[in-house]
Amino acid sequence: MGKKNEMAVSVGNSQMSFWRRLYEQRYMMLLVLPGVVLLIVFYYFPLYGILLAFKDYNPGLGISGSPWAGLKYFREILTDVQFFKSLRNTFIFSFLNLAVGFPVPIIFALMINELFQAKLFKRVVQTISYLPHFLSWAFVASFLNTFLSDRGTLNPLLINFGIIDEPYGFLGNITSFVFVIVISTIWKSFGYSSIIYLAAMTSIPQEMYEAALIDGATRMQKIRYITLPSIRSTVVVLLILQISGMIHSNFEQFYLLQNPLVSEIGKVLDVYTYEVGMQKARFSYATAVGLFKSVVSFALLVIANTVSRRITGEGIY
Amino acid sequence: MKKALAILLAVLMLLAMFAGCSSDKKAETKTETKTEEKKEEKKEETVEYDWEYQMDTSPFEFDVWWPSVWSWAKAGLDSGWDDSPVYQYITEKTGGKMNVEIPLGDEGELAGTMIAAGTYPDVCVFGSFTSPYIVQMKDANLIYSWTELINEHAPKMQTLIPDSMMASHADENGELWYYPGFAYHETWAEEAEAMGAHPAGGAHGTNVIFCRKDTLEAFGKDDISDIDTFTEYLYFCRDNYPDVDPVRLFASNPRNGGEAIFTHLKATFGCHLSDTYPQADGSIKYYMYDPAYIDYLSWLNKLYKDGVISSNQLTDDQTALDTKTYSAGYGAINSATYTAYNTLETTLKESFGADTDKLYVAVGPINGNNGIKWQTYKLRSTGGQSSVITKNCDIPERVIRFFEFIFTDEGQMTIQGGIEGEHWTRNADGTISHDEAKASLANSDLEGFVTKYKLCGNWSPWCNTSYWEGLLGACLTPPGRDLDESEKRLQPYTIDLWADGFCEITACIEGGSDLDVIRTKVNEACMNAAMKMIASANEAEFNKILADCITEIEGLGVAQIEEAYTAEYKSCCESLGITPGASVK
Amino acid sequence: MARKIKKLNRYTPFDVFNIALLAIIAFMAFYPFWNVLMISLNDPTDTLQGGITLWFRKFTLANYNHIFNQSAFVRAFFMSVARTLIGASTSVIFTAAFSYGLSKKWLIGQKLFMTLLVITMYVSGGLIPTFLNIKNLGLYQNFLVYILPALLNSYNVIIMVTYFRGLPAELEESVRIDGGNDLVIFFRIVLPVSMPVVATIALFNAVGQWNSWFDTMLYGGRKLMTMQMFLVELIQDADQVRKLMSSGSSIAASLAKLGYKPNVESIKATAMMITAIPIIMVYPFLQKYFVKGIMVGSLKG
């Protein structure tokens, strides 16, 4: 049995004194407490900044010196039609990125994992797959602008094959714009995100596959019953995290790619609030929006975690 | 257990917050007024000085924070003060030595944190006088007003500040809280000319239409001066040159950007040059109400429907524009004469051969229909980069007197021309002759010139533009073709918008204020509507988009903006002694 | 491996399909990157005309020279290397230690600590309070500002916690029976077995350190300039020159006369390559840690 089970029993047993337990866990505490201190010092100390949202903050006056504004900025947010439109847009894109983009790195990791031969090819493909991560959005936006323009690469190609008669404005049309955003997001992140899944897959013991082979399992069955379940916790965690992050967008991507023709869908929350917040040095407004986003994403986290607990029994905490 | 956990958590967070909060105490000590201490002024009644800075030339230093330095001026400032005869001359005269810190990055994020931490040095330079940070510093009592310092330590300096600057920038109590450099005041062009420069009536070379030489020839004309012919020409390009975009539009914003086609065509269609819609009764309405602007959008819409403009052109970014421009991919562009005849032409010759006719030649200006005559305005500006003197400065009286010297004629000549006798001489007729070595360096390596002589760019927040244009303009070799074209196609059509009371009225809105936010939203709505109108499929859709836009901006509060503009316009007219609305037909 | 021996040199249809699909994906991922590389190796004036897609037209190393020759570059480069190496290595150990502790449900305060961690992911004090905090801690313009705050990243912690929880209990039990304490277990057993996730997190941290510039801007300044910030500044300067060229003043006219061309494109491309290539070369070194799970089976007995 060992000490661990003894401890497991005694944790629930309030008979054993707190101090005794603490002593037994002293090494663990050594590993953990520095991190807690770090969190407090770097993340909790500045938390008073939340108060900024309730004041008319002037950095010259400091938080204590700035006048109270009460719920003024929250009122501004909640009565702003544009704010809600951009919130809607954010969620539309986040949802699409989730639905379409979440499985892609997993599938890609599976494909790589299933390749037993061609080691060199595998390595090369893997390395190439996360190159897009290193291209800044500034360049990707510029690249897309050129690639998709009327005399770029895509249009002449499509005209050549007779798919369309004249050049199509990909970035000026709402539907195609959405496509471009979602595909470029996936393209940029799938390789990098797949690394985690690959790491999880490589730690699956080979014996399990061998045993399955002996039992006559097909490739698909092996994937379904061995590979996938083994990465399940990773998938669940990343899914929860992505869901809770749905209120955030990739600022740079939208700032650079959106244009007035698609403003109905292209103006996302982060860009909108940047323009009327930070750019105008309205720190209070920016903080109020930040607080709003925090509440929403925290709520999403709790919901996602609870649902996941119900369905799969796993969650972040 | 859960409850205990929650309580413990809450307590922890509160504790942490208090720990952090205590460190945010504003340095209240700094806001004490230090000025009053120096009341015991020098007893200089005995000697008569021309300027107060001459009273004390003992050495002193002060620090300047300046993130938005022009890129090539950085080298000149980075290398410090000691290696330049020009700087040393200034120190001799005033005792002062300027240490410039150029922090990395964007002024926006840097300023907020700097102000909050109280680490701002003696002088701060912001990219524009409308910067919200100037307002914040003023409201928090962190800066001296220039007026206060001038009155107390250098009263003669007030004569060096033009009335127009006080009129544009002083607050309701007549105090100047920041000093804006690069204000193009009313007589800058004449003064520059007197020094030997060629300001072409004050309009420089921008806003001239250029057409591609070969297409223009094929079209059969050697000049175009009305909108109907111009439109014909565009259709001609569409029909005969399929791999060329007939006209270069804009990058992202239909109205702005020096090289946007609208900058030239706004006058063609009769839009007011002030970018507003002034009424005969003296009030100002927003440009979106202007039927002339709607005409312009209609015209673009027709071009769009007829395939002269492609939808891709509406989403092209600056890079795409540059690429097409430098491969002669447009039939017509709006550009500056000095760009088209230099950088552009050289590049095109390199690419297509020295005797190619894929070059650009100037045409126009383009007059409108119904008797609308094209106009442009004399280059005027209320100013650019602006500096403030902070209360972290222990020696504000020395600093203000330092700038007094800089603002004098001698000071301006020094920081922009160099040392008299060594770098330039004044001729009998008042024009300036420049030292050979200096002039040739300026004409071959601008960055080297500024680095070596530490002139111009290094001083831009304190530059009086007549000296700038006069000295720099006279120093560079006399322009050729580009000046001729400016004189032919711009000078005769130049009006002085400011004399009509339109002194940059759009700059009256305080940066970061609620009205500023409203204006951002209104401009955005108008820009979106304009683009969609250009791309609309039929008249019904066009009108609907316009109507929706008007409804939206009225809901956002455009009337408040109009009120502010009207008030500003009226006060400009008052100070000029003219009737508001008189110049409007 | 029985399976491999059987299939050696024989590709099933699935494999062929797999390889073909991967090749297409690789091409799509690679093409834009290659495009940037070509632009960076092409003469800037020539690039202005556009049309550089698969190969350069006028080869030149001038773009790279222009950047490497700047005196600030070398110093910035070494600063970046320093913070990447030190930052990534320290943070991965710190994160692993913290995560390991947090993964044990029987730890006193585990729930509290977990909650503390999760909250930090969603709530923040904002730009100015964070800045003031750093300043008050004495980290302003101090190299440690690149290291200390980066020691923990909640996202990474959660990944590692999940991973550690997935390790079989038998792993630790045998050591505990023999009387080993938690530290021994962590350093001698858990860490070596977790190499895949450790390597992953190390890579993420390294990339994060290498690419970050916002903290340099706020806290580092010129003293602690990193390569990324250096490049950002370079691009901003080039952009500024281009904007200046369309203003109406004499400077604009003289810039044009002297042939300053808008070559922002070339500088951006070169900057991107200088950023990407070193870090891409790191991955192959880490790949060897992504090996199949070892020795787990040996504990079954």
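Laboratory data are not the source of any read-out in this text; all were calculated from the coordinates shown. In this text, all values refer to a predicted model and were calculated from it rather than measured experimentally. Neighbour counts run over all protein chains shown; Cβ positions are idealised from the backbone, glycine included.
Count charges around B:Gln491 for me, please; just the other residues with Cβ under 14 Å from its Cβ, Lys/Arg as +1, Asp/Glu as -1. Before the final figure, lay out the partial values.
Details: positive: B:Lys378, B:Lys488, B:Arg489; negative: B:Glu190, B:Glu193, B:Asp482, B:Asp484, B:Glu485, B:Glu487, B:Asp496.
So the environment of B:Gln491 carries a net charge of -4.
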Checklist entry - Dividing the alpha-carbon Rg of the range B:526-585 by 2.2 N^0.38 Å yields what? => result 1.58
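Give the relative contact order (percent, whole number) for chain C; include only Cα pairs under 8 Å separated by 6+ residues.
Reported as a whole number, the value is 27 percent.
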Checklist entry - If you count the DSSP beta bridges with both ends in chain B, what percent of them are antiparallel, to the nearest 5? => result 60 percent
Next on the checklist: Apply the Karplus curve 6.51 cos²θ - 1.76 cosθ + 1.60, θ = phi - 60°, to the phi angles in the range B:102-118 and return the couplings in whole Hz, x for Gly and Pro.
Outcome noted: 10, x, 5, x, 8, 4, x, 5, 5, 5, x, 5, 5, 5, 5, 7, x
Checklist outcome for this item: Measuring from the longest principal axis of the C-alpha atoms of chain B, the long axis of helix B:2-21 (C-alpha) lies at a number of degrees, nearest 10, equal to 80 degrees
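Which number comes out as Rg/Rh for the range B:283-351 once both Rg and the Kirkwood Rh are worked out on C-alpha atoms?
Details: Rg = 16.1 Å, Rh = 14.6 Å.
When Rh is taken as the Kirkwood radius, the ratio is 1.10.
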Checklist entry - If we count other beta carbons within 10 Å of each Cβ, what is the order of A:Arg310, A:Arg151, C:Arg75, fewest first? => result A:Arg310, C:Arg75, A:Arg151
Checklist entry - Is the shape of the range A:55-312 best called rounded, prolate or oblate, per the rule: a/c under 1.5 gives rounded, else a/b larger than b/c gives prolate, else oblate, with a ≥ b ≥ c the square roots of the Cα gyration tensor eigenvalues? => result oblate
Item to check | Cut-off under 5 Å, modelled amide H: who pairs with B:Trp65 long-range | outcome: B:Glu101, B:Val123, B:Cys124, B:Val125
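Semi-axes, largest first, in whole Å: what does sqrt of 5 times each Cα gyration tensor eigenvalue give for the range B:142-240? Show your work: numbers first, answer last.
Details: eigenvalues 509, 55, 20 Å².
Listed largest to smallest, the semi-axes of the range B:142-240 are 50, 17, 10 Å.
Mind checking the mean number of beta-carbon atoms from other chains within 10 Å of the Cβ atoms in A:305-316? Don't jump to the answer; show the numbers that get you there.
Details: counts 1, 0, 0, 0, 0, 0, 0, 0, 0, 3, 1, 7.
Mean number of neighbouring Cβ atoms from other chains: 1.
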Checklist entry - Nearest 0.05, what FRET efficiency do B:Ile7 and C:Met28 give at R0 = 51 Å with Cβ-Cβ as r? => result 0.40
Item to check | Shielding by partners - mean other protein chain Cβ count within 10 Å, residues of C:20-28 | outcome: 5
Checklist outcome for this item: the range A:60-118 and the range C:8-78 have their Cα centres apart by a whole-number Å value of 31 Å
Next on the checklist: What whole-number distance in Å separates the alpha-carbon centres of the range B:490-525 and the range C:105-177?
Outcome noted: 50 Å
Checklist entry - Between A:Ala118, A:Ala217, A:Ala99, which gets the highest mean-square fluctuation from a Gaussian network model of chain A, Cα cutoff 10 Å? => result A:Ala118
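Compute the signed sum of charges (Lys and Arg +1, Asp and Glu -1) over the other residues within less than 13 Å, Cβ to Cβ, of B:Lys358.
Working: positive: B:Arg212, B:Lys213, B:Lys324, B:Lys349; negative: B:Asp214, B:Glu217, B:Asp243, B:Glu345, B:Glu350, B:Asp355, B:Asp357.
Result for the local shell: -3.
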Checklist entry - Direction-averaged shadow area of the convex hull around the Cα atoms of the protein assembly as shown, nm²? => result 51.7 nm²
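Please give me the summed charge of the neighbours of B:Asp239: other residues whose Cβ is under 12 Å from its Cβ, Lys and Arg +1, Asp and Glu -1. Spell out each step's value before the answer.
On the way: positive: B:Arg238; negative: B:Glu232, B:Asp306.
Cβ neighbours under 12 Å give a net charge of -1.
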Checklist entry - Once you treat every alpha carbon in chain B as an equal point and sum by Debye, what is log10 I(q)/I(0) at q = 0.08, 0.11 Å⁻¹? => result -0.67, -1.17
Next on the checklist: Antiparallel versus total DSSP beta bridges in the protein assembly as shown: what percent is that, nearest 5?
Outcome noted: 65 percent
Checklist entry - How large is the helix-only mean residue ellipticity at 222 nm for the protein assembly as shown, computed as the sum of -39500 (n - 2.57) over DSSP H runs with n ≥ 4, divided by its residue count, in deg cm²/dmol to the nearest 500? => result -16500 deg cm²/dmol
Item to check | Whole-number D in µm²/s for the range A:197-305 (Stokes-Einstein; Kirkwood sum over Cα pairs; 10 °C, 1.306 mPa s) | outcome: 90 µm²/s
Checklist entry - Quick one: helix C:13-40 against the long Cα principal axis of chain C, what's the angle to the nearest 10°, folded into 0 to 90? => result 40 degrees
Item to check | Peptide ranges C:100-113, B:551-564 listed from the most packed, as the mean C-beta count within 10 angstrom indicates | outcome: C:100-113, B:551-564
Checklist outcome for this item: Largest fluctuation, A:Lys293, A:Lys280, A:Lys72 only, Gaussian network model of chain A with Cα springs under 10 angstrom, belongs to A:Lys280
Next on the checklist: Only counting other Cβ atoms within 10 Å, I'd like B:Asp63, B:Asp78 sorted with the fewest neighbours first.
Outcome noted: B:Asp78, B:Asp63
Checklist entry - Per residue of C:94-102, what is the mean number of Cβ atoms on other protein chains within 10 angstrom of that residue's Cβ? => result 5
Next on the checklist: Straight-line reach from B:Lys74: which aspartates and glutamates fall under 16 Å, measuring Cα to Cα and dropping same-chain residues less than 8 apart?
Outcome noted: B:Asp63, B:Asp82, B:Asp83, B:Glu101, B:Asp106, B:Glu107, B:Asp445, B:Glu447, C:Glu233, C:Asp237, C:Asp239
Checklist entry - Which of the aspartates and glutamates could a cross-linker span from B:Lys156 if the Cα-Cα distance has to be under 14 Å and same-chain partners fewer than 8 positions apart are dropped? => result B:Glu48, B:Asp50, B:Glu52, B:Glu148, B:Glu397, B:Glu404, B:Asp409
Checklist entry - Hey, can you list the DSSP H helices of chain A whose Cα span along the axis is 20 Å or longer and whose average Kyte-Doolittle score is at least 1.0? => result A:174-202, A:283-312
Checklist outcome for this item: Long-range share for the range C:61-293, i.e. C-alpha pairs more than 27 Å apart as a percent of all pairs, stands at 50 percent
Item to check | 0 to 90° range, to nearest 10: angle between helix C:264-287 axis and chain C longest Cα axis | outcome: 20 degrees
Checklist outcome for this item: If B:Asp394, B:Asp243 are placed from fewest to most neighbouring beta carbons inside 10 Å, the sequence is B:Asp243, B:Asp394
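Just list whichever of A:Lys267/B:Lys138; B:Lys324/B:Lys378; C:Lys223/C:Lys268; A:Lys267/B:Lys532; B:Lys97/B:Lys378; B:Lys544/B:Lys570 have alpha carbons separated by over 26 Å in the model shown. Walk me through the intermediate numbers first.
On the way: A:Lys267/B:Lys138 34 Å; B:Lys324/B:Lys378 30 Å; C:Lys223/C:Lys268 24 Å; A:Lys267/B:Lys532 15 Å; B:Lys97/B:Lys378 36 Å; B:Lys544/B:Lys570 34 Å.
As for pairs spanning more than 26 Å Cα to Cα, those are A:Lys267/B:Lys138; B:Lys324/B:Lys378; B:Lys97/B:Lys378; B:Lys544/B:Lys570.
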